[in-house]
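What follows is calculated from the coordinates using simple rules that are stated; it is not laboratory data. Note that the structure is a prediction, hence the values are computed from the model and not measured. Cβ sites come from the backbone with ideal geometry, for glycine too, and all protein chains shown count toward neighbours.
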Amino acid sequence: SRRALDDFLDADASSMRERLNCGTRPQFYQLNSAICELIDDWNMVQFLPLDPRDTDTIDEILAQVDNATQYHDDVEPRTAEDDHTDGGDNHSD
């Protein structure tokens, strides 16, 4: 459902911890909490929707991957919006 997708895409540490705890034994609850705190503190995980028929979602994911890997180290990080404003596709090899 749309609500489940929204909850997944905008998940916070407490909801992730609850989901993890539902599927694991109590001996792992402390580990689940530590992982969720790490993700929350360092903003290490982001979920993006992908529709393979929608080039905007593909452009956004490519921009996020380029930014995360710093593929273009000498260039400022770009977003999908930047590609649309200058009218070019800067994801060439």
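Table for the structure above
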{"read-out": "Simple label model, 7 Å out from Cα along Cβ direction - V45 to E81, nm", "value": "2.7"}
{"read-out": "Whole-Hz couplings from phi, Karplus 6.51/-1.76/1.60, listed for the stretch 18-28; x for Gly and Pro", "value": "4, 5, 5, 5, 5, x, 10, 6, x, 5, 9"}
